[in-house]
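Here is the structure we will look at.
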């Protein structure tokens, strides 16, 4: 089934297939309100994002989350390619690859209820060391005990996914990622 739906005058009642889409839609709405552009549940994270503000504006602007693939129940590990600039690499630009299980919802694809653009968020430690992982489809290696993750970097790398291919979501506490 594709992502685009035909326009209808009467919206059908949401089904369990729509629950991930609705949850991600709520995350995007809460993030946009803040950013103008028992467990750590998505509802709690949304409430935290909406509730924390300082005199200078919102404290956080992102609800990072993990998606779980339908069929395998494994965490989805997103990957993307970046180009390092010549300024950052002693005059030699190169392409590199990053992987992460952590995402920021950017926006739904126009005219779609299930396709969403996600930005890859890279876990980093205090020394701004980016964590990599050789053990695909596992979360914990991205969060080592000996070098705790203290923040996330907004990569600017986005991918578009169909939320119908996922069966679960775990939201982390709201953050303001490093740009």
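For residue 158 and residue 112, calculate 0.36 nm times their separation in residues minus their Cα-Cα distance, and state this gained length in nm to one decimal. Don't skip to the end; give the middle numbers.
Working: separation 46, 0.36 × 46 = 16.56 nm, distance 1.70 nm.
The residue 158-residue 112 span can extend by a further 14.9 nm.
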Length gained when the stretch residue 165-residue 178 is fully extended (0.36 nm per residue, less Cα-Cα span): 1.8 nm
Separation of the residue 69 and residue 85 label points, Cα + 7 Å toward Cβ, nm: 3.5 nm
Peptide ranges 114-122, 170-178 listed from the most packed, as the mean C-beta count within 10 angstrom indicates: 114-122, 170-178
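Read-outs: derived from the displayed coordinates by stated rules, not from any lab. As the structure is a prediction and not an experimental result, all values here were calculated from the model. Glycine gets a Cβ as well: all are built from the backbone with ideal geometry, and neighbour counts include every protein chain shown.
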